[in-house]
1. Here are some residues: Phe219, Phe230, Phe189. Which one is touching a residue at least 40 places away in the same chain (Cβ under 8 Å), farther than 24 Å from Ser89 by Cβ and out of contact with any helix residue (DSSP H, G or I) (no Cβ under 6 Å at 6 or more places or on another chain)?
2. Can you tell me which residue among Leu151, Leu143, Leu139, Leu99 is at pLDDT below 95, part of a helix (DSSP H, G or I), open to solvent by less than 80 Å² (accessible area, probe 1.4 Å) and of a type outside the set (Ser, Thr, Tyr)?
3. From the list Asn166, Asn108, pick out the single residue that is assigned to a strand (DSSP E or B), at pLDDT 95 or above and open to solvent by less than 20 Å² (accessible area, probe 1.4 Å).
4. If you go through segment 169-186, how many residues are in contact with a helix residue (DSSP H, G or I) (Cβ under 6 Å, 6 or more places away or on another chain) and open to solvent by 40 Å² or more (accessible area, probe 1.4 Å)?
5. Being closer than 22 Å to Leu64 by Cα and either open to solvent by 80 Å² or more (accessible area, probe 1.4 Å) or of a type in the set (Asp, Glu) (or both) is the filter here, so list the residues in segment 8-31 that pass it.
6. If we scan segment 112-129, do we find a residue that is in a helix (DSSP H, G or I), over 21 Å from the mean Cα position of the chain (by Cα), at pLDDT 95 or above and over 23 Å from Val218 (Cβ atoms)?
7. Out of Lys55, Lys76, which single residue is surrounded by 12 or more Cβ atoms within 10 Å (Cβ to Cβ), over 15 Å from the mean Cα position of the chain (by Cα) and among the basic types (Lys, Arg)?
8. So which residues in segment 23-54 are more than 21 Å from Leu233 (Cα to Cα), basic (Lys, Arg) and assigned to a loop (DSSP other than H, G, I, E, B)?
Amino acid sequence: MDKHNYHTLLPLLHQVATESLEAGSIAYPIRKVIQEYNDFYFRLTSVQEIDTKNKKVLTEIGDLSYDYQVIATGSKTNYFGNREIKRNSMAMKTIPQSLNIRGLILVNFEQAVLTTDTADKDSLINFVIVGGGPTGVELTGALAEMKKAILQKDYPDLDIAKMEINLIQSGDRILNTMSEKSSKAAKNFLVELGVIIWKNVRVTNYDGRTITTNSELVFETATLIGPLVFKELW
């Protein structure tokens, strides 16, 4: 059972967000996955309740009895209870969310071309990504490559050199679940691409324009992506 009839290849969501891949390239029909197996059926629905006493799953399309049950509901973005950040930031956990980020990037640059206000222009081409894990690192790298290879050609009337890509990490190094060697290599690679990495910094609020942190650092940006930190749904 799933509320979508496709499986999403999550590690490539950042490529959809930065126009490197089309959404269909990372969405694979679930029915094709299971069609070679006997006694394997798929139902497009949402689970409303699980009756463990009577061994039933209650869904929008009816009830299903079971002998054994596997719950694999994945994870969702962890906003740490901050409603303002949740309301004003961009999440990247699903294909629609990645497409929203792609659209926002293009809209921001179109607006930056038209505005004559320097502060607004800088805000529109300043990107802040929160979370220095694999997803955050991949996304900032993809944005930096987009800046280098695509945006300067598509927007010749903008000074793309002023575009900032900021990666904020609450810990003392990015990719902190991996080896220190991998962490250092990733940091050097991103810095060479022009990414600005902020360590030991935690975002405390974002009102849609200004990011405040647990330090004196303040960021003016029209785009906050993240936090790219997830928590299990089950």
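The values are calculated or read from the model by the stated rules, or taken from the named source; none is laboratory data. Predicted model only: the values in this text are computed from it and were never measured. Neighbour counts are summed over all protein chains in view; Cβ atoms, including those assigned to glycine, are modelled from backbone coordinates with ideal geometry. We work out accessible area using only protein heavy atoms, side chains counted, and drop any ligands, DNA or RNA first. Shrake-Rupley method; radii C 1.70, N 1.55, O 1.52, S 1.80 Å.
1. Working: Phe219 fails: farther than 24 Å from Ser89 by Cβ; Phe230 fails: farther than 24 Å from Ser89 by Cβ.
Within the list Phe219, Phe230, Phe189, the selection yields Phe189.
2. Exactly one of Leu151, Leu143, Leu139, Leu99 is at pLDDT below 95, part of a helix (DSSP H, G or I), open to solvent by less than 80 Å² (accessible area, probe 1.4 Å) and of a type outside the set (Ser, Thr, Tyr), namely Leu151.
3. Numbers: Asn108 fails: assigned to a strand (DSSP E or B).
Exactly one residue qualifies, and that residue is Asn166.
4. Residues meeting the conditions: 1.
5. The answer is Arg31, and nothing else.
6. yes
7. Working: Lys76 fails: over 15 Å from the mean Cα position of the chain (by Cα).
After ruling out the rest, the residue left standing is Lys55.
8. The one that is more than 21 Å from Leu233 (Cα to Cα), basic (Lys, Arg) and assigned to a loop (DSSP other than H, G, I, E, B): Lys53.
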